[in-house]
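The values are calculated or read from the model by the stated rules, or taken from the named source; none is laboratory data. Computed from a predicted structure; not experimentally measured. Note that we place each Cβ from the backbone using ideal geometry, even for glycine, and neighbour counts take in every protein chain shown.
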Amino acid sequence: MTESASENPALTRAGLLVVDKPAGMTSHDVVARCRKLMGTRKVGHAGTLDPMATGVLVLGVERATKLLGLLALTTKSYTATIRLGQSTVTDDAEGEVLETVDASTVTDDRIATEITALTGDIEQVPASVSAIKIDGKRAYARMREGEAVEIPPRPVTVSRFETLARRDLAEGGLVDLDVEVDCSSGTYIRALARDLGAALDVGGHLTALRRTTVGPFGLEHARTLEQLADDPTPSLDLDAAVLTAFATRSVTADEAVVLSHGRWLDPIGMPDVYAAIDPQGRAVALLQEKGKRASSVFVVRPSNI
């Protein structure tokens with residue numbers, strides 16, 4: 001915690017938790033655990049991870065929950081293992097195997113060609129067990145009830161899709177590919193596994209997934225639940241979180257007072273949401289410019305705190 005966030009108890013407990021989520025837990029399980037560890041109900045998450053996935057999960061604590069909807073978490077990075085030769089009902093290892101095909105004769109060159117075709121701006125059909133709503137109901141809920149789920153494709157960006165290693169398994173002619181993926185928010189890595197296997201005519205599914213970054217937050221910021229239990233404090237206090245996630249504008253002490261009362265400043269031509277930083281290096285507010293005003297979208301240090 002920085003010294004600046006310790007001037008008031010309402011700010012001391014607030015911040016972002018960057019959790020290294022373990023496999024087998026839902027994101028909601030992690031939130032529930034962190035509520036107990038932090039001693040507060042005011043914990044929320046900025047996006048979810050599937051139970052089988054591990055890695056970066058960003059949570060907000062106390063006042064920082066108000067930051068979650070403003071964070072630019074539009075880019076994500078993953079390491080994953082894709083198994084060629086088997087398709088499953090869920091496109092990952094947790095689903096029933098639908099078909100097994102010998103994939104041992106698939107060449108590295110052909111794999112590289114199909115991976116290239118899945119890189120860039122593409123149209124992707126999410127997995128049928130995704131949380132996407134179809135006519136107001138989650139796709140996975142419809143599937144569990146035995147419905148045939150058809151999800152329309154949607155545009156996503158896969159900026160990097162790279163094979164790190166290939167392992168030909170001893171049984172069944174299966175092939176495991178260790179890959180790294182950089183992509184836009186909304187991209188399903190298990191759908192990439194499914195589509196790669198389909199393009200190679202052998203089927204494919206995801207057997208392991210680890211998120212390494214989301215927006216500006218990476219594993220270097222993350223702590224395990226065991227580490228949080230030993231030190232139940234935010235990974236980044238409000239000041240550190242704001243400085244990590246947003247562009248900044250320096251303001252005078254008088255301007256900081258104006259912002260603390262929820263009033264606006266003159267714009268200076270900065271795009272998107274940015275942070276106003278006072279002469280002490282503290283975050284005062286998040287601003288967004290529209291017309292002739294740079295108005296607060298979140299006052300970090302309101303006058304009544």
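Could you please let me know if Leu236 is under 30 Å from Ala32 (Cβ atoms) and in contact with a Leu (Cβ under 7 Å, 6 or more places away or on another chain)? For Leu236, the condition - under 30 Å from Ala32 (Cβ atoms) and in contact with a Leu (Cβ under 7 Å, 6 or more places away or on another chain) - is met.
Taking the listed residues Ser185, Ser235, the one that is in contact (Cβ under 8 Å) with a residue 12 or more places away in the chain, buried (at least 20 other Cβ atoms within 10 Å of the Cβ) and under 24 Å from Val61 (Cα atoms) is Ser235, with no other qualifying.
Entry remark, the range 257-270: residues being surrounded by fewer than 16 Cβ atoms within 10 Å (Cβ to Cβ) and either touching a residue at least 60 places away in the same chain (Cβ under 8 Å) or farther than 15 Å from Arg293 by Cβ (or both) number 1 in total.
Within the range 57-87, how many residues turn out to be of a type in the set (Val, Ile, Thr), buried (at least 23 other Cβ atoms within 10 Å of the Cβ) and under 22 Å from Thr163 (Cβ atoms)? Quick ask: steps written out before the conclusion?
Of all residues in the range 57-87, those of a type in the set (Val, Ile, Thr) come to 58, 61, 65, 74-75, 79, 81-82.
Narrowing the set further to residues that are buried (at least 23 other Cβ atoms within 10 Å of the Cβ) leaves 58, 61, 82.
If we keep only those that are under 22 Å from Thr163 (Cβ atoms) as well, we get 82.
Summing the residues that are of a type in the set (Val, Ile, Thr), buried (at least 23 other Cβ atoms within 10 Å of the Cβ) and under 22 Å from Thr163 (Cβ atoms) in the range 57-87 gives 1.
A Cβ distance below 6 Å, combined with a sequence gap of six or more or placement on separate chains, defines the contacts here; from the range 35-47, residues that are in the same structural domain as Arg13 (by TED's automatic domain parsing) reach residues that are among the small types (Gly, Ala, Ser) and outside any loop (DSSP other than H, G, I, E, B) in the pairs Leu37/Ala229; Gly44/Gly60; His45/Ser27. Consider Val89 carefully, then state whether it is within 27 Å of Glu150 (Cα to Cα) and more than 23 Å from the chain's Cα centre (by Cα). So Val89 fits the description; yes. For Leu49, the criteria (1) out of contact with any strand residue (DSSP E or B) (no Cβ under 9 Å at 6 or more places or on another chain); (2) in a loop (DSSP other than H, G, I, E, B) hold in every case but one, which is (1).
Can you find a residue that is under 30 Å from Ile277 (Cβ atoms), at pLDDT 95 or above and not acidic (Asp, Glu) anywhere in the range 170-183? Checked the range 170-183: no residue is under 30 Å from Ile277 (Cβ atoms), at pLDDT 95 or above and not acidic (Asp, Glu).
Only one of the numbered conditions (1) at pLDDT 95 or above; (2) more than 14 Å from Ser77 (Cα to Cα); (3) not β-branched (Val, Ile, Thr) is not met by Asp135, and that is (1).
Taking the listed residues Leu59, Leu67, Leu71, the one that is under 30 Å from Arg13 (Cα atoms), at pLDDT 90 or above and in contact with a His (Cβ under 8 Å, 6 or more places away or on another chain) is Leu59, with no other qualifying. Of all residues in the range 54-74, none satisfies being in a helix (DSSP H, G or I), in contact (Cβ under 8 Å) with a residue 24 or more places away in the chain and of a type in the set (Val, Ile, Thr).
Do we find a residue being within 23 Å of Thr212 (Cβ to Cβ) and not in a strand (DSSP E or B) anywhere in the range 5-17? No, there is no match, as no residue in the range 5-17 is within 23 Å of Thr212 (Cβ to Cβ) and not in a strand (DSSP E or B). Note on the range 23-56: among residues that are of a type in the set (Gly, Ala, Ser) and closer than 17 Å to Arg211 by Cβ, the one that is surrounded by the fewest Cβ atoms within 10 Å (Cβ to Cβ) is Gly24. Strands (runs of 3 or more DSSP E) fully within the range 235-305 that include at least 2 residues being over 30 Å from Glu220 (Cα atoms) and at pLDDT 95 or above: 283-290, 293-299. Per the listing Pro216, Pro267, Pro271, the residue uniquely more than 21 Å from Arg35 (Cα to Cα) and within 20 Å of the chain's Cα centre (by Cα) is Pro216.
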